[in-house]
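Supplied in structure tokens, the structure appears directly below.
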Amino acid sequence: MQTSLIDTALGPVTVRHTRVVSGTATILLHGAAGSWTTWLPAIEAAGGAEATDDLVVPDLPGWGDSPAVTAELSPESLARAVATVARALGYRRWRVVGHSMGGFIALELAVLEPAATVSVLLVSATTLGGRGDRLGRGGLTGAAPSLALMLAGMRLLAAAGAAAAPFVRWLDRRRLLGLLLAPLFAGRQPGAVHELARDLRPAAFVRAVECLRRYPAAERWSRIACPVMAVHGDHDLFSPADDDARLAGIIPRFATLTLPATGHFGHVERPGVLAGVLRSR
């Protein structure tokens with residue numbers, strides 16, 4: 001897999017990608033608690049980078065190896081940065097797979113680029129049922145208590161500044177981070193927890209949730225023309241199944257699939273499911 005640095009309006013974006021074979025890319029967008037590395041289990045299950053042509057896996061601006069000014073991050077600016085990256089690599093069309101916050105960005109990309117976006121696959125997308133801008137003060141706690149709790153922790157880490165990263169690594173070394181992040185998974189995932197310890201960006205996470213709560217999803221997502229499939233685990237505390245009914249009333253071509261014995265990281269816990277998507281052409 002090659003690594004490129006591509007200039008966007010939000011700053012340089014680091015992107016891992018495989019060879020260009022067709023004019024249609026498969027773009028993988030990570031969530032607010034990770035980076036491009038969360039997709040590695042699915043890529044490996046698909047046979048590795050050598051078996052997955054036209055794959056585009058960026059570190060979104062503000063995460064991983066893509067620095068950005070946190071205050072400039074928004075669903076629209078992130079989606080436009082993704083489109084810039086794909087076009088710089090030579091693609092005119094794309095299928096988008098988004099996990100958690102990445103699913104949110106994937107849907108915004110489908111709104112902004114209806115002709116270029118072939119399909120969207122949501123993996124445990126944190127959408128709040130498309131009603132983020134209607135929850136009101138304190139509404140996040142009632143709608144998504146696990147997300148609200150994690151947000152509180154991220155705010156503390158963001159306030160800690162430079163001391164946050166070594167503290168999180170200390171928790172990881174003492175095997176305490178796995179206990180704190182246990183609600184994310186249906187079973188033990190020490191490898192994934194270790195990656196999260198390295199990739200946590202508290203300030204960007206807080207900014208992402210703030211944007212999610214103000215975003216007029218019902219109005220925006222009703223414009224989506226491509227098919228959208230939502231996949232989530234039956235133990236996912238961040239993307240509850242009752243969100244599906246609300247999204248089905250907003251997004252015209254919407255379908256769902258529930259993965260048994262799976263939490264919020266379906267592409268990590270059940271990488272073989274997504275491997276089939278990566279191999280399909």
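Filter the trypsin sites (Lys or Arg not before Pro) in region 200-232 to those in DSSP coil with at most 14 other Cβ atoms within 10 Å of their Cβ, and list the result.
R223
Would you pull out the residues with amide H under 5 Å of A230's amide H, same chain only if 5 or more places away, H placed 1.01 Å from N?
Under 5 Å from the amide H of A230 lie the amide H atoms of L122, A255, T256, L257, each far enough along the sequence or on another chain.
Oh, and also: Please report the Cα spread of region 1-111 along all three principal axes, rounded to whole Å, starting with the longest.
Its Cα atoms span 38, 27, 25 Å along the three principal axes.
Right, something else. Could you tell me the extents of region 49-188's C-alpha atoms along the three principal axes, largest first, rounded to whole Å?
Extents along the principal axes: 45, 40, 33 Å.
Of the beta bridges DSSP finds with both residues in the chain, what % are antiparallel, to the nearest 5?
30
Something else: Across the Cα atoms of region 1-60, what radius of gyration and what greatest pairwise Cα-Cα distance (Dmax) are found, in Å?
Just the Cα atoms of region 1-60 yield Rg and Dmax of 11.5, 34 Å.
What does the charge dipole of the chain about its Cα centre add up to, to the nearest 20 debye, if the Cβ of each Lys and Arg holds +1 and the Cβ of each Asp and Glu holds -1?
Result for the chain is approximately 200 debye, rounded to the nearest 20.
Give the residues of region 83-115 whose amide nitrogen is closer than 20 Å to a point set 7 Å from the Cα of E219 in the direction of its Cβ.
Counting backbone N atoms under 20 Å from the label point, the list is 104-114.
Let me ask another. Note down the magnitude of the dipole of region 75-175 about its Cα centre, charges +1 on Lys and Arg C-beta and -1 on Asp and Glu C-beta and zero elsewhere, to the nearest 20 debye.
Charge dipole, region 75-175, about its Cα centre: 280 debye, nearest 20.
Choose one of P227, T52, P67: the residue whose Cα lies farthest towards the positive end of the charge dipole of the chain (beta-carbon charges +1 Lys, Arg; -1 Asp, Glu; about the Cα centre).
Highest projection toward the positive end goes to P67.
Among A162, A143, L107, whose Cα lies farthest out toward the positive end of the dipole of region 76-177, if unit charges sit on the beta carbon of Lys, Arg (+1) and Asp, Glu (-1)?
A162
Please grab the % of Cα pairs in the chain that end up more than 29 Å from each other.
More than 29 Å apart: 26 percent of the Cα pairs in the chain.
Laboratory data are not the source of any read-out in this text; all were calculated from the coordinates shown. Fair warning: this is a prediction, and the values are worked out from it, not measured in the lab. Here the Cβ is made from the backbone with ideal geometry for all residues, glycine too, and neighbour counts use every protein chain on show.
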